[in-house]
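Only one structure is covered here, and it is reproduced in the block below.
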Amino acid sequence: MNTSTPTATAQEWLGRFDAALSGSDPAAAAALFGAESYWRDLVSFTWNIRTMEGRDSIAAMLAGTLAATRPSSWRLDGEATRAGEVTEAWLVFETALGRGRGHVRLKDGRCWTLTTMLAELKGFEERRGEKRPRGVEHGVRRNRRSWLEERAAEQAELGHVRQPYCLVVGGGQGGIALAARLKQLEVPALVIDSHPRAGDAWRARYRSLCLHDPVWYDHLPYLPFPDNWPVFTPKDKMGDWLEAYTKLMELNYWSSTECRSARWDEAAQEWSVAVDRAGETVVLRPKQLILATGMSGMPEVPKFPGAERFLGEQVHSSEYRSGEAYRGRHCVVVGSNNSAHDICADLWEHEAKVTMLQRSSTLVVRSETLMDAGWGRLFSEDALRRGITTERADMTLATMPFRVMTEAQKPVYAEIARKDAGFYERLRQAGFMLDFGEDGSGLSLKYMRRGSGYYIDVGASELVADGSIALRSGVNVTELRARSVVLDDGSELPADLIVYATGYGSMNGWAAKIISQEVADRVGKCWGLGSGTAKDPGPWEGELRNMWKPTHQPGLWFHGGNLQQSRFYSLLLALQLKARMEGLETPVWGMGPVHHTS
């Protein structure tokens, strides 16, 4: 039994760890880890996002990175804690080029999990707090330009007189969050988006859309939502916030601009990107190209026989707007994920005769239950009262390696299934096919593995359970006829509208469209952990493929995910880009092979 205080235990381990690293002894450092152990590094050692599993992998990483990283100044950040056999502590440290934050979990005196993260670059710190810009130059000077004139000149020059170092394709929350990070690091960046206004990617979606994540989870960098912001943000309100954010954060944002093509110039080590800006062709030459088009690629629309004969309307969920025109008419929604449920509910509210076509099982969890069992611990008013800031909550999430998270989430969802047993039984009685992930690990892991196959219930499940939304499950479409959908059990559904809530392809589909299929294949599949579950083929990778880290195509990066991921990982991506712009050495360790091209 460990009788020392948690802080003494953590301090003693950290001292031995620091000594091993200072002595350039990877084997001695790895020996301080348990037989089952994980080191998740976020850019600080590897200039990559990697999880090393086991002592051998940890020793190999250190052998490849210690000479360049030169870690030092390890110390605890606050008091350590203990729960059962696990001692936890927050850390700070330095490397040759930066300052980092970290977290350690100890079992029986050895490390179980370690997380290290680059937080800032030495000499290139953000101008925040006491370092904030003055905003005005006091005194008198002829030909002085006002802030507005300086800002207008910057906007007029970038992309014409001066080239952006970074071109961000996609002006949703991901591209905007990254641009804000780059702005604070004084990296010239330009965001382009095809919509007429910033925020239109949200405004253009179906009228009933709201964020299913709560407000505490969704803050953008630097400028959190005000205290009176609603828990669940309506889409148009979100669009307005993003538009205001681009102005307040002084982001260089070209709306009504579509990326037509991009080509890597090997000799110049830069991109040649042709864009259509409101009818004018502009060729940009950034050093870094970031595809911030969400976590998905092109809409996936199934090719059903007879689709060309169907006389009604067929739309992908990304094109659906409202059920207003379908009052009293027959509508079939193919799919059973978040969008499918939202659209079915919208059609029902407009008094359409709507049928959900569920082809495979779906994970469903009630929003209220998820707040209690999931989000609430880190992202809630209660968490704030307990001193858990947004930054600390983000870092806490990052400290859990995905293999450990898989096992940790199983009892959580077993308890959810028990707590909401009546809710799930009503859905099963209606014929709805349920799962909690193939291995019972729940929503977060299913999201990380495939980004689909789940619904956070905000009301539509009761409409399914009581039959208000008709349900056909476990069947597939054999053909479409002029006014109907024929299923493989021989039945036929009348249809005036078919909505394909069938998801999206991999993000590298955008690379294929904008750059080339060759580059898309070189980079490989985006998203997924290699879990070997449906839509996430192995082998195990331990981190999301290609996201927020170097790819096998020089100068090409992918940024996406939900608002929390955009907020947290935008800093890591921005630091990597800043380091390259300043000519710092960024030797990438652990670039694995590409196993899947799409």
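The values are calculated or read from the model by the stated rules, or taken from the named source; none is laboratory data. Since the structure is predicted, the reported quantities are computational estimates derived from the model, not experimental observations. Quick reminder, even Gly has a Cβ in these numbers, built from the backbone with ideal geometry, and neighbours come from all protein chains shown. Surface accessibility is based on the protein's heavy atoms, side chains included, excluding ligands, DNA and RNA. Shrake-Rupley method; radii C 1.70, N 1.55, O 1.52, S 1.80 Å.
Things worth noting here:
- Selected residue (only one of Trp264, Trp271 is open to solvent by less than 20 Å² (accessible area, probe 1.4 Å), assigned by the TED database to the domain that holds Gln564, part of a strand (DSSP E or B) and at pLDDT 95 or above): Trp271
- Test: Val92 is among the β-branched types (Val, Ile, Thr), within 13 Å of Leu14 (Cβ to Cβ), open to solvent by less than 10 Å² (accessible area, probe 1.4 Å) and in a strand (DSSP E or B): no
- Residue in the stretch 137-159 that is crowded, with 19+ Cβ neighbours inside 10 Å and either in contact with a Cys (Cβ under 7 Å, 6 or more places away or on another chain) or more than 30 Å from Leu378 (Cβ to Cβ) (or both) present: yes
- The residues of the stretch 361-376 that are part of a loop (DSSP other than H, G, I, E, B) and either out of contact with any strand residue (DSSP E or B) (no Cβ under 9 Å at 6 or more places or on another chain) or modelled with pLDDT under 95 (or both) amount to a single one, Gly374.
- Residues (assigned to a helix (DSSP H, G or I) and within 25 Å of Asp218 (Cβ to Cβ)) located in the stretch 386-405: Thr390, Glu391, Arg392, Ala393, Asp394, Met395, Thr396, Leu397, Ala398, Phe402, Met405
- Counting only residues that are closer than 24 Å to Arg545 by Cβ, aromatic (Phe, Trp, Tyr) and more than 29 Å from the chain's Cα centre (by Cα), the stretch 30-73 holds 0 of them.
- Checklist (1) open to solvent by 30 Å² or more (accessible area, probe 1.4 Å); (2) of a type in the set (A, V, I, L, M); (3) under 15 Å from Met356 (Cα atoms) applied to Ala460, failing item: (1)
- The set of residues from the stretch 303-345 being over 17 Å from Thr362 (Cβ atoms), part of a loop (DSSP other than H, G, I, E, B) and either touching a residue at least 40 places away in the same chain (Cβ under 8 Å) or aliphatic (A, V, I, L, M) (or both) comprises Phe304, Pro305, Gly306, Phe310, Leu311, Gly312, Ser318, Tyr320, Arg321, Ser322, Arg329.
- All strands (runs of 3 or more DSSP E) inside the stretch 418-502 with 1 or more residues being closer than 30 Å to Arg545 by Cβ: 454-457, 497-500
- Subset of the stretch 95-124 [touching a Gly at 6+ places or on another chain (Cβ under 7 Å), over 16 Å from Thr81 (Cβ atoms), assigned to a strand (DSSP E or B) and open to solvent by 10 Å² or more (accessible area, probe 1.4 Å)]: Arg110, Ala119, Glu120
- Looking across the stretch 398-421 at every residue that is of a type in the set (Val, Ile, Thr) and out of contact with any strand residue (DSSP E or B) (no Cβ under 9 Å at 6 or more places or on another chain), the one that is least open to solvent (accessible area, probe 1.4 Å) is identified as Thr406.
- Here the stretch 321-334 is the region considered, the condition is being open to solvent by less than 10 Å² (accessible area, probe 1.4 Å) and under 29 Å from the mean Cα position of the chain (by Cα), and the residue that is nearest to Asp496 (Cα to Cα) is Val333.
- When the residues of the stretch 308-320 are filtered to those that are open to solvent by less than 30 Å² (accessible area, probe 1.4 Å) and hydrophobic (A, V, I, L, M, F, W, C), the one that is farthest from Pro494 (Cα to Cα) is Val315.
- Total residues in the stretch 286-302 satisfying the condition of being out of contact with any Leu (no Cβ under 8 Å at 6 or more places or on another chain) and part of a loop (DSSP other than H, G, I, E, B): the figure is 10.
- Selection from the stretch 157-178 of residues that are touching a Phe, Trp or Tyr at 6+ places or on another chain (Cβ under 8 Å), modelled with pLDDT of 95 or more and farther than 9 Å from Ala292 by Cβ: Leu167
- Per-region count, the stretch 493-514, residues within 26 Å of Ser473 (Cα to Cα), aromatic (Phe, Trp, Tyr) and open to solvent by 10 Å² or more (accessible area, probe 1.4 Å): 1
- Scanning the stretch 573-592 turns up at least one residue that is assigned to a loop (DSSP other than H, G, I, E, B) and either among the aromatic types (Phe, Trp, Tyr) or open to solvent by less than 10 Å² (accessible area, probe 1.4 Å) (or both).
- Filtered residue count, the stretch 532-572, keeping only those that are assigned to a loop (DSSP other than H, G, I, E, B) and not aliphatic (A, V, I, L, M): 23
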